[in-house]
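Each remark here refers to the structure printed beneath this line.
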Amino acid sequence: MSFARPARCLFCNFSRNAIPGTRVPRRQFHPTPAPLSNRKPKIPSVKAPEKQNGSSSRQDLKPEDFKAYTEEETAHLAKEYSAAQMEAIKAGEAAISPKDLSEQSVRRTDPYRFKYLDDFSVIEPGIDRHVRAPETNSDYNFKLKSEDQFIEDFGRFFAESNEDIRPADFVRFAESLRLTEGKEENELNPHSALVPDLFGPGETIDEPRVEERKTAAEKGEKERSLEAEELTDALKSLLLATGYTERQVRELRTKTLVSHSVVNQTRLGKVRRAYRLSVAGNGNGLLGIGEGKSEEAADAKIQSQYRAIRNMQPVPRYENRTIFGDVKGKVGAVELQLMHRPPGFGLRTQHLIYEMCRAAGIHDLAARVNRSRNKMNTVKAAYEALMSQRDPEEVARARGKKMVDVRKVYYAGKV
Amino acid sequence: MSLVNLAHVCSHLNNATKARLSLTSIPNSNLHLKLCLAMQNSGYLSSVVRGGPTPPPAHPILGYPAANDEAEGVEAVTRDNVASRRLWLGLKYWKNESVLGKVKMVSKPTRRVNIDVEGLRRVVRGEDAGSVGGLRSPGESLFLSTDRGILEARECVEKKIGGLVLCRVL
């Protein structure tokens, strides 16, 4: 490779076009930027007068270009058009000022112009947004009608209506008579700065309406008053405490599970009394146990049953048939375990727990009673175990974990 | 892997929750740390911080010591201070009951219980597998030591790995 440059014409250096081939950028030894003037611009620069000449005649219109019709022209037009049409043409000419015509009737050439032609003065339903009704009914320019306007309204009413004006017509007129000028909605449904009420009249957030509540209370009182003559004091106080009616109490499932006699040893001798332990439930998730002691066995039974009804509490039930998880209970020496079971398993438990489950509405359960099997303590321990169930929702919230009932997911919530 | 010390930790946690402590400490070891982190991951513990013999300062906002406390920082474990390190655990309570119900060892120092994936599947479904009882209550979990660290039984089933059953938390 030869580094020697070929000999060149001295004058050729003055014209850049004479240099053959591409120019290789060379390192500059001075801070002045490399001259770019010799580079050809990508877009050939068009001189301004050229552009004016090349563009259409509609560009750069001035207001002076839109002149009114001369007399000759009007005379010529009058041959073609009727007098009414001529009037319309004049009115149209007068309506649009030459300035607007010059500015707005020109096709835009600025870089922000739209890439398509469209008439933006028309709203096209498929393309443009809907024209909504105004959001407020307010009209800030409303005026109260003056007396003269009222008189006019009355006059119009009398003029338009027939001669036999009935009072009903006049009432209708008076009701529909507007007192203000401006938007009608402003008068009929004016804007209010007040927050709208959360509840309608008589409504509260969780309780039924006041009237409904009252009627329910009256109904209950009526029913109670009808049956009050036959009620014992104990039952009356039970109804008062629980809010049930006598019929509802009769429909509850009560069962006396434990009955034996207890003895109090005094210095006068042994005082025997009857002891009864009953369970009560509504068969749908409520369960309570109660103990009663009395000299009379029947009294003790009633007492225990009423106490059981008073003590009724909701028992958590999984799918309204079994319990949440396995639970343990311990009272005295009785230690028992209640185990949840699949649907259709039944109540495979001893009779005491069976009766409790029947009363509470549990259908699938297994139980194991260890150590002692004392009847009274078995019932109490089973009650304790049933009440000690852990709610999965609470567990999930306590641990901050999401829990999913897989059965519910599998059966799509139909279990 | 000393299951004796782990058993002490389990009974200590039971005692601490019964005493309703909010912060307690256990001896530092990698096994304890990983088990505690697994329990924290399951939501049983609020915080696990490796600190000295005195409890680390509480996080200004959380109210209990936090491992990611930027203001205080956690003292690095060195050869000099490793013997005095303890794990400080924040215990959780919800609606007047401790979240960590009862921690019970499954493997014993004298009898280690291993379980395979098949057995674990049964356990997770609530059935017994060998000497390991099923997880039959809501919120019950079983922690296993596996090749991939200490994991909860359901995670093990997900990853199809068995391991040494450490403890059961109810």
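Scanning segment A:392-406 for residues that are exposed (fewer than 15 other Cβ atoms within 10 Å of the Cβ) and more than 7 Å from chain B (Cβ to nearest Cβ), we see that the one that is farthest from the chain's Cα centre (by Cα) is A:Val406. Within segment B:76-106, being assigned to a loop (DSSP other than H, G, I, E, B) and either of a type in the set (Val, Ile, Thr) or over 17 Å from B:Cys36 (Cβ atoms) (or both) holds for B:Ala76, B:Val77, B:Thr78, B:Arg79, B:Asp80, B:Asn81, B:Lys95, B:Asn96, B:Val99, B:Val106. When B:Ala38 is tested against (1) crowded, with 16+ Cβ neighbours inside 10 Å; (2) assigned to a helix (DSSP H, G or I); (3) away from chain A (no Cβ under 14 Å), only condition (3) is not met. Just need a number here: residues in segment B:108-132 that are of a type in the set (Gly, Ala, Ser), touching a residue at least 12 places away in the same chain (Cβ under 8 Å) and part of a loop (DSSP other than H, G, I, E, B). Counting residues in segment B:108-132 that are of a type in the set (Gly, Ala, Ser), touching a residue at least 12 places away in the same chain (Cβ under 8 Å) and part of a loop (DSSP other than H, G, I, E, B) gives 2. Considering segment A:369-415, and only residues there that are part of a loop (DSSP other than H, G, I, E, B) and touching a Pro at 6+ places or on another chain (Cβ under 9 Å), the residue that is farthest from B:Asn41 (Cα to Cα) turns out to be A:Val415. Checked against the criteria, A:Asp299 does not count as of a type outside the set (Lys, Arg) and within 14 Å of another protein chain (Cβ to nearest Cβ).
Residues in segment B:98-110 that are within 20 Å of the chain's Cα centre (by Cα) and away from every other protein chain (no Cβ under 14 Å): B:Val103, B:Met105, B:Val106, B:Ser107, B:Lys108, B:Pro109. When B:Gly133, B:Gly119, B:Gly73 are checked against the criterion of being within 30 Å of A:Ile323 (Cα to Cα), more than 18 Å from the chain's Cα centre (by Cα), more than 14 Å from chain A (Cβ to nearest Cβ) and not acidic (Asp, Glu), B:Gly119 stands alone in meeting it. Residue check: is A:Ala359 part of a helix (DSSP H, G or I), within 42 Å of the chain's Cα centre (by Cα), modelled with pLDDT of 95 or more and within 14 Å of another protein chain (Cβ to nearest Cβ)? No. Cβ separations smaller than 7 Å between residues 6+ apart or across chains give the following pairs from segment A:348-361 residues that are without any contact (Cβ under 8 Å) to a residue 24 or more places away in the chain to residues that are buried (at least 18 other Cβ atoms within 10 Å of the Cβ) and part of a helix (DSSP H, G or I): A:Thr349/A:Cys357.
Taking the criterion of being within 27 Å of A:Lys414 (Cα to Cα) and of a type in the set (Gly, Ala, Ser), no residue of segment A:306-321 qualifies.
The values are calculated or read from the model by the stated rules, or taken from the named source; none is laboratory data. These numbers were taken from a predicted model, which means no experiment stands behind them. Backbone-built Cβ (ideal geometry, glycine too); neighbour counts: all protein chains shown.
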